[in-house]
Amino acid sequence: MEQDELNGLPLAGRARYAVLGVLQQARRANLDWVDAASELEGASDDPDWPAALAGTFEELGDDAVLRSWEWGWMPREVLSTLRKSRSTEAARAGAVMMRGQLTRYTEPQLSDRWNVHREELAASAPFAGVAKASAGLGRWDRIVLWAAVLEALDLLSGLPKIPRVEPLPGTPLLAHHLGVAESSRVYERIRALLAKAESTDSDAEAEAFTAKAQQLIARHSINEALLSEAGQGEREPEALRVLIERPYEQPKSELLAQIADANHCRSVYWPDGGFSTIIGDRGDLRSVELLYNSLLVQATAAMTRVGSVSAKRGKSQTRSFRQSFLASFAMRIGERLRASAEDTVREVAEETGTDLVPVMRQRDERVDTRTEELFPRLKFGRSTRITNYEGHVAGLAAADAARLSAQEPITRR
């Protein structure tokens, strides 16, 4: 656009043209974001120029965030990606833009998960939208903010399309209030038991609390399956994403997969995104997430109690020890979940006089079908390689200490 044509645009139009131009230039030449922001700030002497920039960033941010929702992303995953690959300031700016976009929806227009994510954004970002964040800032502070927003926009515009696991904000179906089980008394009791298991220093107490939680989870899952079989409250499988935090992401994802498999769910790990997608009944998904978080806390506590590990020549073996520890912990937990599940099937079948195997098989088949729909080109990767024997043995021992009793999730077919 020629300079005369540019000068003929309204101030908001010139601001938009300038921001888009800087973004395009930065991507080509790998410009420093602060330099790019400084160039933007000084592009006009008009006293309303900062407000025009703020309005442009607000609009572009809203568009980019909405696109990420439509492409399957949710706030927690976007924020995790920003934190892993961009600056702290960019992550904060991303949270500001996402929080601003979600202010347009009332609570009933958001599913329970969207509302939880929105609450998390409020804790991460003091402002809802770039315009509010920039209000009252001086020149340098505005430049810092513009730089962070540019960096966040650059990432948002490059996010790939992924399977959508939750209805978009504002979807009419949300009027049915999906996810009532999230606040049920059963899950409050499960949370309380797992919190006690995580806080105690006694392996015996942790085992007892976790086993009781497992019993509640298993019975709740059975009740939901039986109700569905009877035609009451039948639900299609859903999906949930769980962030896999650094370090040792691979064995942590394997722990989640073991727990998911034992609870009639499927787990698909995407290393580039830093999260796993779990597919299953909504209640089972919540159970898997709760168990994963609790067992990961217990495994990490047991692992860190060992401290640093060195080879005979003094070279640190801590990383290989912990990698092997977590991989072996995951493997043994999965074995114990599945081994004890058969006892649960027999116990509940005797109490109810119902053959549970075909009932749960139908649930498994629905989950398999939904997984194939979400991931039609799914490939199976390799599990973590065990390279440290001491870590392997210690991981097995820790899993034994956290073992679960006979009342556990029903086994897979």
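Listing for the model above:
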item	result
Among (1) in contact with a Ser or Thr (Cβ under 9 Å, 6 or more places away or on another chain); (2) within 23 Å of TRP140 (Cβ to Cβ); (3) without any contact (Cβ under 8 Å) to a residue 40 or more places away in the chain - the single one ASP35 does not satisfy	(1)
LEU153, sole failed condition from (1) under 20 Å from LEU243 (Cβ atoms); (2) at pLDDT 95 or above	(1)
The stretch 121-155 - residue that is part of a helix (DSSP H, G or I) and open to solvent by 60 Å² or more (accessible area, probe 1.4 Å) and, of those, nearest to ALA54 (Cα to Cα)	LYS132
Residues of the stretch 55-73 satisfying the condition of being among the hydrophobic types (A, V, I, L, M, F, W, C) and open to solvent by 10 Å² or more (accessible area, probe 1.4 Å)	LEU60, ALA64, LEU66, TRP71
Search result, residues across the stretch 83-120 that are open to solvent by less than 10 Å² (accessible area, probe 1.4 Å), at pLDDT below 95 and in a helix (DSSP H, G or I)	TRP114
All positions within the stretch 264-276 that are open to solvent by 10 Å² or more (accessible area, probe 1.4 Å), in contact (Cβ under 8 Å) with a residue 60 or more places away in the chain and either of a type in the set (Asp, Glu) or under 25 Å from ALA225 (Cα atoms) (or both)	ARG266, VAL268
The stretch 13-30, residues that are surrounded by 16 or more Cβ atoms within 10 Å (Cβ to Cβ) and aliphatic (A, V, I, L, M)	ALA15, ALA18, VAL19, VAL22, LEU23, ALA26
Matching residues, the stretch 24-47, being hydrophobic (A, V, I, L, M, F, W, C), modelled with pLDDT under 90 and in a helix (DSSP H, G or I)	ALA26, ALA29
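The values are calculated or read from the model by the stated rules, or taken from the named source; none is laboratory data. Bear in mind that the values here come from a model prediction, so they are computed numbers and not experimental data. Because the Cβ atoms are built from the backbone with ideal geometry, glycine has one as well, and the counts that use them run over all protein chains shown. SASA here: full protein model, heavy atoms, side chains in, ligands and nucleic acids out. Shrake-Rupley method; radii C 1.70, N 1.55, O 1.52, S 1.80 Å.
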